[in-house]
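Where a number appears in this text, it was derived from the coordinates with a stated rule and is not lab data. Note that this is a predicted model, so its numbers are computed, not measured. We place every Cβ from the backbone using ideal geometry, glycine too, and count neighbours over all the protein chains shown.
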Amino acid sequence: MKAIALYSVGFDHVDIKEAIHRNIPVGNTPDVLSRATSDIAFLLMQSVARRASYNFQKVKEGNWNDFDPLHALGQELYGKTLGIFGLGRIGFEMAEKAKKAFDMNIIYHNRNHNEEAEKELGAKYVSFDELIENADVLSVHANFTPEHKELFNYSVFEKMKPDAIFINTARGGFHNQKDLYRALLDKKIWGAGLDVTNPEPISPDDPILELSSVCVLPHIGSATIEARNGMAKLAAGNIIAFSKGEKMPHCTNPEVYSRHSS
């Protein structure tokens, strides 16, 4: 193997250290899917808030029943606080949508400050504990690393607001799914929207799918014509550059080139 050109922005499924050791460049497809993925996070946030999946299932079953003014009520998002874990490009797109649509307050936790988000969206950098304690909606957008494995577990969920919504469109490994289900049952949090699951794919008989304030999608964050075409072009560009002896335009481990040059 001489090179790897991924058809994805994430690269946690590749042993990057080993690739560097073997001088194998690993290309990915960043940015081109940011809008599409943030759209899914935004969709999940609204779907969970208004229990859309649950109510759609009722329609399919012909189970409208008599009008009950208090049955399975949703919640509004106007003026609430969106917490972003990993405010990169996708997180910024999500925050911008929430700000413009619902005038949500934006808080975030990153390794570094995002000055663009602070200037344009009024985003506020907070500690991880402040993030989970103050977010009405907590949306995960960070790159997954081993240190993040099941970071969002029961002890984290029980520190969140009882009416909080947890959104994960990044990687399923960020959350412990059994703990998430337990936290929802125990009313530690209000709802969850997942485009990624742990494990993935999720079992069709997973009990979390039966909850009225949960919406689960089959990892379709980048599943638009525009995003997938853009990803294909970037992947092809990485392959072509490598075949010409040039540096991949989008390389996750540029160390391999610096080693060659030295």
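What aspartates and glutamates could a cross-link reach from residue 124, if we take a straight Cα to Cα line under 12 Å and drop same-chain neighbours fewer than 8 places away?
Correct list for residue 124: 115, 116.
What is the Cα convex hull volume of region 166-218 when expressed per residue in Å³?
67 Å³
Once every DSSP H run of n ≥ 4 in the chain is given -39500 (n - 2.57) and the sum is divided by its residues, what mean residue ellipticity at 222 nm do you get, rounded to the nearest 500 deg cm²/dmol? Don't jump to the answer; show the numbers that get you there.
Values: 10 runs with 98 residues, N = 262.
The helix contribution divided over the chain gives -11000 deg cm²/dmol.
May I have the count of lysine pairs in region 136-255 with C-alpha atoms under 12 Å apart, counting pairs 8 or more residues apart or located on different chains?
4
At a Cα cut-off below 25 Å, give the lysines reachable from residue 119, other chains included and same-chain residues fewer than 8 away excluded.
Candidates past the 8-residue exclusion: 80, 97, 99, 100.
If the only charges are +1 at each Lys and Arg Cβ and -1 at each Asp and Glu Cβ, what is the size of the charge dipole of the chain around the Cα centre, to the nearest 20 debye?
With Lys and Arg at +1 and Asp and Glu at -1, about 700 debye.
Give me, ordered by chain and number, the residues 5 or more places off residue 81 or on other chains with an amide H under 5 Å from its own placed amide H.
Under 5 Å from the amide H of residue 81 lie the amide H atoms of 105, 136, 137, each far enough along the sequence or on another chain.
Just check region 63-218 against the gyration tensor rule for me: Cα atoms, a ≥ b ≥ c as the square roots of the eigenvalues, rounded for a/c under 1.5, and otherwise prolate or oblate depending on whether a/b exceeds b/c.
oblate
Any chance you could check the Cα centroid distance between region 115-160 and region 201-262 for me, in angstrom?
Region 115-160 and region 201-262 have Cα centres spaced 23 Å from each other.
Arranged from highest to lowest average of other beta-carbon atoms within 10 Å per residue, in what order do the peptides 43-51, 232-240 appear?
43-51, 232-240
Across the Cα atoms of region 206-262, what radius of gyration and what greatest pairwise Cα-Cα distance (Dmax) are found, in Å?
Over region 206-262's Cα set, Rg and Dmax evaluate to 19.1, 58 Å.
What label, among (i) 1.18; (ii) 1.09; (iii) 1.00, belongs to Cα Rg over 2.2 N^0.38 Å computed from the structure on display?
Here the calculated entry is (ii).
Checking a compactness column here: for region 1-120, what do you get for Rg(Cα) / (2.2 N^0.38 Å), N being the number of residues?
Dividing the Cα radius of gyration by 2.2 N^0.38 Å gives 1.49.
Please give the peptides 29-39, 68-78, 112-122 ranked by average Cβ packing (other Cβ atoms within 10 Å per residue), highest first, as a rough proxy for protection.
The peptides rank, most packed first, as 29-39, 112-122, 68-78.
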